[in-house]
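The values are calculated or read from the model by the stated rules, or taken from the named source; none is laboratory data. Keep in mind that this is a model prediction, so the values were computed, not measured. Cβ placement follows ideal geometry from the backbone for every residue including glycine, while neighbour counts extend to all protein chains displayed. Remember, those area values only see protein heavy atoms, side chains included, never the ligands or the DNA or RNA. Shrake-Rupley method; radii C 1.70, N 1.55, O 1.52, S 1.80 Å.
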Amino acid sequence: MKLHQPLLGVAAAVVLALTVTGCGGNAQAGDQQAAGQTEVKELRYQGSANNVGLPELAADLGYLGDIKLNWVGNTTSGPQDIQSAATNQTDFGGAFAGAVVKLIEAGAPVTAVVNYYGEDAKTFNGFYVKADSSIKTARDLIGKKIAVNTLGAHSEAVINTYLSKNGLSQDEIKQVQLVVLAPNDTEEAVRRGQVDVGSLGGVLQDHAVAAGGLRSLFNDYELFGTFAGGQYVLRNDFIEKNPNTARTFATGVAKAIKWETETPRDQVIARFKKIIDARGRNESTANLQYWKSPGVPDNGVIKNEDFTRWSSWLKSTGIVKNDLTPSKYYTNKFNDLASSTPTPSSTKG
């Protein structure tokens, strides 16, 4: 696929940032240990405007115990979020599984500890064209433009998989052009013909469908069924110095997923609204009415297939050269809910 915006030089960025920050050493951990605390009890993180992340929900529900969250701003993308964690600007970050692989393959000392987003029959990303578009099949996308929110992440991998499964060669796939657009601008860009296809999810997808005039070409749930899309990562030095905090965090997120799965929808939305109103960030709660499900299966337990699902794309982009080894990227040992969920034997740790 032709990329209209160059991929970030992840390896260079990570190496430079790790050098500047002393090889990713956790200064916060050092400060707290010097003060007599054996483990970090405050986690720096990036949030998302008008949304409640699983760690924020876990904290509100009391699942993080005496661990506090320190919001340092909002993330611009998954790859940026996990790079911030890898370079000690934050203590955890979340991104698409393929972006996690890319970061670790670039030398970042991080490990995925719990899944945090996914797709199911209620919650998924769709790829939309104008209702009267001539685009009907994957082959019709050759030479066309598709809007995605960022490069090297979920949408790009899904598009590549969709095209491959429908018989396009890698040379043909390279002729499909990816254009980076802010999600809020994607629907309008499709309607104006500035791009041929747009990736839409969540409330933006609901709004676009309700307005009419667009047609779904495909979605990721149709391709894969219910699946986990991405993971939260922690730095390896953080895990080594703060194993109990790591366990509380991963298990707290897992419990929050379970709570969302088992709690009536109106109660989940009411809880989200309470959290957003209380944190005072001048946000809107209007879009919460469109929340449908957490989308994350199996209480956040990570499985080999969460990474091997993207093997072809990872190889085609050169992120991995040989067969994928999922055990390099994750561990379930900090998620206490993993004991009640079947997991692969080949997990890290």
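Rolled with a 1.4 Å probe across the full set of protein chains, the surface gives Ser312 an accessible area near 90 Å². All other residues whose Cβ lies under 12 angstrom from that of Val52 are scored, Lys and Arg at +1 and Asp and Glu at -1, for a net of 0. Surface composition of region 237-323: carbon plus sulfur atoms contribute 44% of the solvent-accessible area (1.4 Å probe, protein chains only, all chains present). The antiparallel fraction among DSSP beta bridges confined to the chain stands at about 60%. Near Val195, once Lys and Arg are set to +1 and Asp and Glu to -1 for all other residues with Cβ below 9 Å from its Cβ, the sum equals +2. Suppose all protein chains stay in the model; what accessible area per residue would a 1.4 Å probe give for the chain, in Å²? On a per-residue basis, the chain sits at 43 Å².
In a simple Cβ point-charge model (Lys, Arg +1; Asp, Glu -1; nothing else charged), the chain has a dipole of about 320 debye relative to its Cα centre.
When only the Cβ of Lys, Arg, Asp and Glu is charged (+1, +1, -1, -1), the dipole of region 202-272 relative to its Cα centre reaches about 240 debye.
Annotation: lysines with alpha-carbon distance below 26 angstrom to Lys328 (same-chain offsets under eight excluded): Lys102, Lys241, Lys255, Lys303, Lys315, Lys348. Is it possible to state the helix-based mean residue ellipticity at 222 nm for the chain, with each DSSP H run of 4+ residues giving -39500 (n - 2.57), the sum divided by total residues, to the nearest 500 deg cm²/dmol? What is it? Rounded to the nearest 500, it is -11000 deg cm²/dmol. Estimated from the Cβ-Cβ distance and a Förster radius of 35 angstrom, the FRET efficiency linking Ser312 and Asn236 is about 0.80.
The value of relative contact order for the chain, using C-alpha pairs under 8 Å at least six residues apart, is 25 percent.
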